[in-house]
1. Between Glu38 and Asn59, what FRET efficiency comes out of the Förster formula 1/(1 + (r/R0)^6) with R0 = 22 Å and r the beta carbon distance, rounded to 0.05?
2. Tabulate in residue order the Karplus-calculated ³J(HN,Hα) for segment 59-69, using 6.51 cos²θ - 1.76 cosθ + 1.60 with θ = phi - 60°, rounded to whole Hz; enter x for Gly and Pro.
3. May I have the extent of the alpha carbons of segment 20-89 along their three principal axes, as whole Å values ordered from largest to smallest?
4. How many Å² of accessible area per residue for segment 20-89, probe 1.4 Å?
5. When the Karplus curve 6.51 cos²θ - 1.76 cosθ + 1.60 is applied with θ = phi - 60°, which whole-Hz ³J(HN,Hα) does each residue of segment 27-41 get, with x for Gly and Pro?
6. Each label point is 7 Å from the Cα along the Cα-to-Cβ direction; what then is the distance between the points at Asp78 and Trp47, in nm?
7. Near the amide H of Ile55, under 5 Å away, which other amide H atoms are found, from residues 5 or more places off or on another chain, if H is placed in the peptide plane?
8. Using a 1.4 angstrom probe on the protein heavy atoms only, could you order Met44, Met87, Met62 from most to least accessible area?
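The values are calculated or read from the model by the stated rules, or taken from the named source; none is laboratory data. All values derive from a computational prediction rather than experimental measurement. A quick note on method: Cβ atoms are made from the backbone with ideal geometry, for glycine too, and the neighbour counts reach across all protein chains shown. Remember, those area values only see protein heavy atoms, side chains included, never the ligands or the DNA or RNA. Shrake-Rupley method; radii C 1.70, N 1.55, O 1.52, S 1.80 Å.
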Amino acid sequence: MKETWKELPIGAIIKEPGSSKRFETGDWRTERPVLDPEKCIHCMFCWIYCPDSSIKVENGKMEGFLYEYCKGCGICADVCPTKAITMVREEV
């Protein structure tokens with residue numbers, strides 16, 4: 001069973017490298033990225049700049065998002081040269 005943000009220690013200190021995959025932090029976001037596959041040129045800028053490793057890549061191509069980890073920061077949309085990624089309000 002994966003831990004949630006509620007199990008983080010005070011100060012959110014994570015002592016072990018690579019442990020972020022244990023914490024599904026996607027429920028923090030207010031906006032989510034949405035991909036328009038017709039505009040995507042698979043430059044992978046989104047993958048390079050995503051601070052949460054939330055970009056799904058298969059066979060060297062951007063295939064979508066791992067929403068369970070995406071915090072909705074919008075960096076992927078900002079760095080996309082073809083504007084294939086847009087941020088939309090998260091539905092409650």
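1. About 0.75, to the nearest 0.05.
2. Going residue by residue, I get 6, x, 10, 6, 10, x, 10, 9, 5, 5, 10 Hz, with x marking Gly and Pro.
3. Projected onto its principal axes, the Cα set of segment 20-89 covers 30, 27, 16 Å.
4. On a per-residue basis, segment 20-89 sits at 61 Å².
5. 6, 7, 7, 10, 10, 10, x, 10, 9, 9, x, 5, 8, 5, 9
6. Label at Asp78, label at Trp47, 2.2 nm between them.
7. Leu66
8. Met87, Met44, Met62
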